[in-house]
Each structure stands twice: as C-alpha cells, then as structure tokens.
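Working notes for the structure below.
Please treat every number below as a calculation from the coordinates, not as lab data. Model, not experiment: these values are computed from the prediction. Backbone-built Cβ (ideal geometry, glycine too); neighbour counts: all protein chains shown.
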Amino acid sequence: MISLPLSLAARHTAGFREVLQQELQSLAGELPLQQGLSQGSVAVTDDVQVMILAVEEGGDGLVVRFGVFYSAVIAGCSCADDPTPLDVVSEYCEMQALIDVDSGQAVVSLSGAG
C-alpha cells in the first residue's frame, strides 16, 4: 500500500492529474514494476514516466488506470566467460490504483501489458 497525500489534496482541482502523475512517478520504487516486465529480467526505477489513462470515482474511492514507461536490464549469467553484455530495454505496463479518498492510501496492482 502506498500513500498519495498530495493527490488527495488536489482531488477537486484542475491540476489533479498532473499532481497524481508526479506523485506516482516519485514512488516508482514502490510500484510493481518487476511484475510488469515483458522483455527484461530486472526493473530499473530510474527515469520512470507515468501517464494517467483514466480516473473514475466510485463509492468511497478513486480508481486510477495509468501506464508506466520504464527500463529493465537483461542480465547475463555473470560467469567470467559469459559473452552476453549487460543490456537495457524499454518496458511498458499498465497499472491500477484504488485510492481511499479518506486516507489517501492506495493499493496498486498490475492491470495489463501494452
């Protein structure tokens, strides 16, 4: 569970999506990036970019769908004679955050690959 207090505070403002995007990007290390890998073997949290796809209000929470652009490393076997160089590939996955509007606490899960 992650906390999104800035997004909760900006909920009814014109800048909500931008604040949410920046806050999610700043919490990249807490997102399930490793589970979203399609090409690499280890997710890299440097230079993560978030794109808000949809925001829906329902009941006592917000449902946010967002895309995440990030990188992953394809690692060799780390053997002395391994000819495979360390390589970085681009990754993309879609996630969903269920945000409690009273506390700002959110559960983030993988929702699909792009």
* Structure fact -> By residue number, the members of the stretch 1-36 that are under 15 Å from the mean Cα position of the chain (by Cα), among the aliphatic types (A, V, I, L, M) and loosely packed, with under 12 Cβ neighbours inside 10 Å are Met1
* Cβ-Cβ under 6 Å pairs, at least 6 apart or on other chains, the stretch 28-42 side hydroxyl-bearing (Ser, Thr, Tyr), far side surrounded by 13 or more Cβ atoms within 10 Å (Cβ to Cβ) -> Ser41/Ile74; Ser41/Ala75
* To do: Could you please give the count of residues in the stretch 57-71 that are more than 16 Å from Leu8 (Cα to Cα) and surrounded by fewer than 11 Cβ atoms within 10 Å (Cβ to Cβ)?
  => 0
* To do: Go through the stretch 37-56 and give me each residue that's surrounded by 11 or more Cβ atoms within 10 Å (Cβ to Cβ) and assigned to a strand (DSSP E or B).
  => Val42, Ala43, Val44, Thr45, Val48, Gln49, Val50, Met51, Ile52, Leu53, Val55
